[in-house]
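K.L.:
Following this message is one structure expressed as structure tokens.
Please treat every number below as a calculation from the coordinates, not as lab data. Note that the structure is predicted; figures quoted are calculated from it, not measured. Note: ideal-geometry Cβ built from the backbone for every residue, glycine included; neighbour counts use all protein chains shown.
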Amino acid sequence: EVWPFPTSATLTGIRTSQNIPLSHVTDFCLLFPKDARATTCFKNPCYQNMQVTTCGRNFPDMPMNTLDQQFFQLQLNASNLDLPFEAPDEFEDTLTTPRNTATRRLNPHTDLTSFLITLQCERNSNGALTFDGLDTQNQNTSVELKGAPIYQGATDSYYNVDTSGTRPPPPILCTVHDTFWLFSPAAGGSCIYDTNHSFDEVIGPLSA
């Protein structure tokens, strides 16, 4: 599900929240459009101290710097691109290429429009027979995003979309949910995509 935040970044960074229901959420994905019409092109905001807070938990545990080595490894792990699959160069470039310094903005020499942040909300568990992600029983809960530019001011390439004073629209939160396929030997075999039952209802008989 897609949930745009209500407010955009300011000169000093971003701190915004929204009240939404969380139903068996396994991952958060964050997108940072530079234009309201952007649907496929998203760039690294080059932020530090970035974190999502909800349900009394922080994601990730420590605030992120979107250009450091720890963040790079976090994204490879969350996207299952550490092993055996490898990340394409374009994706790696968006995670590692600076867009500015304290004194100037940098012109990219490669495609840097495939950026997103993926935050795991549950641990890698035993074959999906347990769930420790986020579920609020369809009740709204606050989800807060905060962060600050690594370099504040005229060289902030996220806040300063162009030289005409254009500012970015609010960031977008996407929630990823557990889904289920039910297999049955009846009538020679069937496969049904289940959208009517919760995780607990599906897995309960198997774990009893």
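K.L.:
Taking only C-alpha pairs under 8 Å that are 6+ residues apart, what is the relative contact order of the range 2-177 in percent?
P.N.:
Averaging sequence separation for qualifying contacts and normalising by length gives 46 percent for the range 2-177.
K.L.:
In what sequence do Tyr47, Tyr159 fall when counting other Cβ within 10 Å, fewest first?
P.N.:
Lowest count first: Tyr159, Tyr47.
K.L.:
Right, something else. Between Asn19 and Asn77, what is 0.36 nm times their sequence separation minus the Cα-Cα distance? Round to one decimal in nm.
P.N.:
Once the chain is fully extended between Asn19 and Asn77, it gains 18.1 nm.
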